[in-house]
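Contents: one structure, followed by commentary.
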Amino acid sequence: MAKAFFSLQKFLRRTQFLLFFLTAAYLMAGSLLLLQRTRLVIQQGSRGTSANQALLVSDGMAGVGIVDPRMLPNPRHRPRLLVGMDALQEPALDQRHSPRWLVSRNSELRQLRRRWFHRFISDQEPMQTVGFKAMKHTAEHRGTYVGCFSDDSREKTLKGAVFYDLRKMTISHCQEACAERAYTYAGLAYGAECYCGNKLPATASKPEECNSECKGEKGSVCGGVNRLSVYRVEELQEGARQRRNVIYRGCFRAPENLTDTFPASLIQPNLTVEMCSEFCSKKEFPLAVIRGWECYCGYPTGRFSLHDGTDGLLCSRMHNASAAAKGKYCLVYQTPVQDTRCTDRKFLTTKSKVFVALSSFPGAGNTWARHLIEHATGYYTGSYYFDGALYNKGFKGEKDHWRSRRTICVKTHESGKTEIEMFDSAILLIRNPYKSLMAEFNRKYAGHLGYATDRTWKSK
């Protein structure tokens, strides 16, 4: 019994000594840290920084903004928070190294930092906001922002080229597309639509009415509902300008009266293809016709159909000025401008009195029929479903509510009695069932324009 008691007493003495040793080591380490921190603060205060110097530095920083120390080349000269040491109440020398003095000193430093920072932010906030907006327009987007304009569907001025991107539309994407097609202005609407043209819209709107965020660029504005955010497109570099799609269409017999056939013309000595194409692109015409020193712009028409081309050798003498007046043949080029006469579609101006369904089994050709109907009538077709892929391909009626009656007909694959009776009349598409099933299988696994892989076809 005595032996066991002696062993327990020995163990407790060892444990007591160990606890005492750990406590002493902890206190010594804490004291060293406090002494080191005190020396740093004393050194910082003894470097000759007065209150006047602190004010001068803060005023200089207010002129240029907050400096990030990581951006400076020499870490030894990084800016420190310079505070007036005279403003702090210095305690007696015998109290400088006490922990209580350190706590109060750090508290005062934090308060001074907060006051200076809040005062600096309140003084600089308007200037920083304006500068950020300006930087955003100049750094991210190459073009110049013109303003917010009303988008009149009846008299569109930015109708040279139109495309949609429901997921990835950005301002730069629209500007680059318009620049490649030789347009002067790029306009964005609904956060996902891009329009190009060479004339500004007639009606300006309030800036706050352009409030739709770009689908592919958070924080950027891409127009609004019937509102266009318009940018002046920056001119392409000379090398990129030469790569524009100016396509040679061939040599054709010139019409009897070129002035009546083509709306715009230019007579220029030493006329080149680039000069004529640039002139017609600015006028928003898809054809550039050259006869000697004469340049004409227009569309393919019944008078000039581009169906009957001739031998290119007959146009080889067109650069001879004496033969220009009597020239019977002309060179034809296609400019980067799109022919929008058959692509300019719109919603019905008044609600349709007859609610028409475009009904079919999936894969029967509903989308192709919608394409033909829209280009034949000039009006959008609607859909019972919202298909973002079709919207991106130009079926703008996809985003409109199917019961709005603003579209000429509404796509549907529903076959129930209730769904059928919701419509007044219908266009019914019927296709070979086997081909319909094949088309629907391809659409399900590869989209509207793709084909399912062999592995998919061989699966269960």
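The values are calculated or read from the model by the stated rules, or taken from the named source; none is laboratory data. Just so it is clear, the structure is predicted and the values come from calculations on it, not from any experiment. Here Cβ is always computed from backbone atoms with ideal geometry, including for glycine, and neighbour counts include all displayed protein chains. When the accessible area is computed, the model is the full protein with side chains, heavy atoms only, and any ligands, DNA or RNA have been set aside. Shrake-Rupley method; radii C 1.70, N 1.55, O 1.52, S 1.80 Å.
So which GluC sites (Glu not before Pro) in region 385-460 end up in coil per DSSP with only 16 or fewer other C-beta atoms within 10 Å? List each step's numbers first, then the result.
On the way: sites: Glu398, Glu414, Glu419, Glu421, Glu440; in loops: Glu414.
Within region 385-460, the qualifying GluC sites (Glu not before Pro) (loop, at most 16 other Cβ atoms within 10 Å) are Glu414.
Applying 1/(1 + (r/R0)^6) with r as the Cβ-Cβ distance of Glu208 and Thr23 and R0 = 60 angstrom yields a FRET efficiency of 0.35. For the pair region 283-315 and region 264-282, the centres of their Cα atoms are 12 angstrom apart.
Run the Debye formula on the Cα coordinates of region 247-334, all scatterers equal and no solvent, and tell me log10 I(q)/I(0) at q = 0.16, 0.26 1/Å. Treating every Cα as an identical point scatterer, log10 I(q)/I(0) equals -0.53, -1.55.
Taking 24 Å as the straight-line reach from the Cα of Lys282, the lysines in range (excluding those fewer than 8 positions away in the same chain) are Lys156, Lys159, Lys199. If I take R0 = 25 Å and measure r between the Cβ atoms of Cys342 and Ile247 in this structure, what FRET efficiency does the formula 1/(1 + (r/R0)^6) give, to the nearest 0.05? E(calc), rounded to 0.05, equals 0.85.
Between Phe441 and Asn226, residue separation times 0.36 nm minus the direct Cα-Cα distance comes to 73.6 nm.
Please identify every one of the trypsin sites (Lys or Arg not before Pro) in region 345-374 that sits in a loop by DSSP and has no more than 12 other beta carbons within 10 Å of its own beta carbon. All intermediate terms of the calculation are to be shown ahead of the outcome.
Details: sites: Arg345, Lys346, Lys351, Lys353, Arg370; in loops: Arg345, Lys351, Lys353.
Those satisfying the criteria are Lys351, Lys353.
Placing a pseudo-label 7 Å from each Cα along the Cα-to-Cβ vector at Leu449 and Arg431 gives an inter-label distance of 1.7 nm. Applying both filters, DSSP loop and at most 14 other Cβ atoms within 10 Å, to the trypsin sites (Lys or Arg not before Pro) of region 270-315 gives Arg303.
Val354 exposes around 80 Å² of accessible area when a 1.4 Å probe is run over every protein chain in place.
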